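Please treat every number below as a calculation from the coordinates, not as lab data. None of these values were measured; they are calculated from a predicted model. With ideal geometry, Cβ positions are generated from the backbone for all residues, glycine too; neighbour counts draw on all protein chains shown.
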Amino acid sequence: MTTLLPRPATGPSVFGAVHLGYVVVETERFTEWHRFGADAIGLHVDELDRDTMRFRMDDRECRFLLRRGPAEDLVGAGWQVDDHETFDEILSRVADRSVPVTEGTAEECALRGVERLWRFPGPKGISTEIFTRARTTAAPLKMLNSAFVTGAAGMGHLAITTKRPDELRSYYNTVFDARITDFIDENISGLTLKIRFLRVNERHHSIAVANVNGVRIDPIRTSIQHMNIQIETLDDLLASFERVTDLGFAMAWSVGQHTNDRELSYYSVTPSGFELEVGWNPVVITPELESTWDPSTYQGISIWGHKPVGETVVTKMAQFQGALRSLREREVVVSELSEVRR
Ligand SMILES: [Fe+2]
């Protein structure tokens, strides 16, 4: 039996004042990412120099920062916080537990399109970066979609496979007062893949945490299994699905609908190997729903569709070879922010 320690911070809750603002990807595959971002998904692409590329989805200067490097992975997540009180509260929780916090340089801030940022370690090596003000641009959006849903709900969500689900849950509880929205159990080869969905604002989940129940395996190479962005219209969702397929990019799951947040989506494979879920119309947890929300457990990931096209998280989690390798590897945990009582 595992029990999460109550958050010892005495300050106000920061729930609702935190929004996923941008992600940082390290890659060598600039040509593929450009084609994937601009021509397949239909994002606005800005090439800054040989080693730096950015994607826009709205009037923000940066939603994806791609920088040259060997990781082929998502290495950082930028979280916007609404005000300086929230900002100070989060930083004091981190600093009080002796976790190192560093301020981003002027160059790092400029690349991410924010005024200032502070960085501290996150689970699975994903840096947590927090900022209050993002830079917008009047330069017109050149993209193949009419719009993406960002705003109060943030730009989407991250889904993370882990051997240490309690620690991940605890980390986002400690830092952002994340609440459990619901759970999904999916059976794979006699094992149960358990997914916990965490929200930090009106978005049904900004973080999903997936693990195989009772077994410490994680055969996913990358820090996240997928990230999600939300497209505004169904027409755009279907057109982008066609483009991804027509251009020859790998698809993991075709269009389907999730049991819990009812989002319609497909899962494409990015040039770095993690997946990009493009979704439409998920349930929004309005203040009225928030006041009486009670987490439930759903059986299975999808109501319909999401047909596996290639290897999926479900087949991968059941793979013996990858699982064996993951047994030997230590997962990065920020233990000071992830206290779990056993
Ligand atoms: Fe997702």
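A few points about this structure:
- Oblate is the label for region 151-326. Its Cα gyration tensor axes, ordered a ≥ b ≥ c, give a/c of at least 1.5 and b/c at or above a/b.
- Rounded to 5, percent antiparallel among DSSP beta bridges of the chain: 75
- Those residues of region 215-249 whose amide nitrogen sits under 18 Å from the label point placed on VAL309, 7 Å along Cα→Cβ: 225-231, 234-249
- FRET efficiency for LEU247 and ASP59, using Cβ-Cβ distance with R0 set to 25 Å, rounded to 0.05: 0.40
- Computed packing ranks the peptides 153-161, 178-186 as 153-161, 178-186, most packed first, by mean other Cβ atoms within 10 Å.
- Cα gyration tensor category, rounded, prolate or oblate, for region 121-227 with a/c compared to 1.5: prolate
- Residues CYS109, CYS62 arranged by fewest to most Cβ contacts within 10 Å: CYS109, CYS62
- Considering only SER335, TYR298, LEU48, the residue lying farthest towards the positive end of the dipole of the chain is SER335, judged by Cα position with unit charges set on Cβ.
- One chain, two ends: SER13 and ASP185. Fully extended at 0.36 nm per residue, the span grows by 59.0 nm beyond their Cα-Cα distance.
- Once the C-beta distance of ASP39 and ALA152 is scaled by a Förster radius of 51 Å, the resulting FRET efficiency is 0.95 to the nearest 0.05.
- Point-charge dipole on Cβ atoms (K/R +1, D/E -1) for the chain, about Cα centre, debye to 20: 1000
- Most simply put, region 151-326 has about 75% antiparallel DSSP beta bridges, counting only bridges with both residues inside it.
- Relative packing of 235-244, 69-78, 274-283, which averages over residues the other C-beta atoms within 10 Å, highest first: 274-283, 69-78, 235-244
- Packing-based order for 213-226, 258-271, using average beta carbon neighbours within 10 Å, highest first: 258-271, 213-226
- Shape category assigned to the chain from the gyration tensor of Cα positions, a/c cut at 1.5: rounded
- Residue-span extension gain [ALA106 to ARG68] - 0.36 nm each, minus C-alpha spacing: 11.8 nm
- Potential lengthening between ASP96 and GLU28 on full extension [0.36 nm per residue; Cα-Cα distance subtracted]: 20.7 nm
- For region 75-106 versus region 204-282, the gap between their alpha-carbon centres in whole angstrom: 28
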